[in-house]
Amino acid sequence: NNSGGIGYNNSLFLYIFLRNIKIDLVIESGVWQGFTSYIIDSAKKGIKNIKFDINFSKLIYKSNKAEYNNFDINEYNFKNLKKKYLKYSLAFFDDHYSQLDRFLLSQKLGIPFIIFDDDLTYEAIHSDGWPALPTISMIKESKLIKKFRWYNYGKIAKAHLKMRVNKIKLNDYIISKAPNISNITGYYVQSPMTFLRKK
């Protein structure tokens, strides 16, 4: 039961994507019960893994190949990593933290592959109890709405984003959203997963 974590369809896309790229390092932020860690281990054997989560109390699967950090990724000293690792790396974010901030960090580190789970649009934000604002889909919009509210399970949630967004940086990446394959797998439609590949 991976309730609260990644679903079947996005898991399948994550596995296929990992199998088809050449990387030496996977950075995972937001581990939850460890299912995506299991997928990473299954798809990429013998590579370096660094994982981040502010709470590992729900962890079921723990990779014996990974370095686990019980703090936010922003606190990690990436200068200690050899440049070759970052040159061939992937960052996977399912941590319900600003996707803009995570993208800017990845771009600064030169990470060529980035995956965001729960990349929701404004119209779908109500479906997530703890959205990662702003999402990549929001940043791509012609106009970034900074102040809005939505309903989630009968409660009113509000956002007031105080940030400037330089959309030009997104142009350095090919951006693809995973299609809906529910009619093939039989599993329900889930929050969109977005893949970024440096040009």
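The number of residues in segment 141-199 being among the aromatic types (Phe, Trp, Tyr) and without any contact (Cβ under 8 Å) to a residue 40 or more places away in the chain comes to 4. For Ser42, the criteria (1) closer than 26 Å to Ser127 by Cβ; (2) open to solvent by less than 80 Å² (accessible area, probe 1.4 Å) hold in every case but one, which is (1).
A single entry from Lys58, Lys79 fulfils the requirement of being assigned to a loop (DSSP other than H, G, I, E, B), open to solvent by 30 Å² or more (accessible area, probe 1.4 Å), out of contact with any Cys (no Cβ under 8 Å at 6 or more places or on another chain) and among the basic types (Lys, Arg): Lys58. Number of residues in segment 142-196 that are basic (Lys, Arg) and in contact with a Leu (Cβ under 8 Å, 6 or more places away or on another chain): the value is 3. What are the residues in segment 61-76 that are open to solvent by 70 Å² or more (accessible area, probe 1.4 Å), modelled with pLDDT of 95 or more and assigned to a loop (DSSP other than H, G, I, E, B), if any? Of everything in segment 61-76, those that are open to solvent by 70 Å² or more (accessible area, probe 1.4 Å), modelled with pLDDT of 95 or more and assigned to a loop (DSSP other than H, G, I, E, B) turn out to be Tyr61, Lys62, Asn70.
Residues of segment 94-117 include none that is at pLDDT below 90 and not small (Gly, Ala, Ser).
The values are calculated or read from the model by the stated rules, or taken from the named source; none is laboratory data. Predicted model only: the values in this text are computed from it and were never measured. Note that each Cβ is placed from the backbone with ideal geometry, even for glycine, and that neighbours are counted across all protein chains shown. Calculation scope for accessible area: heavy atoms of the full protein, side chains included, ligands and nucleic acids excluded. Shrake-Rupley method; radii C 1.70, N 1.55, O 1.52, S 1.80 Å.
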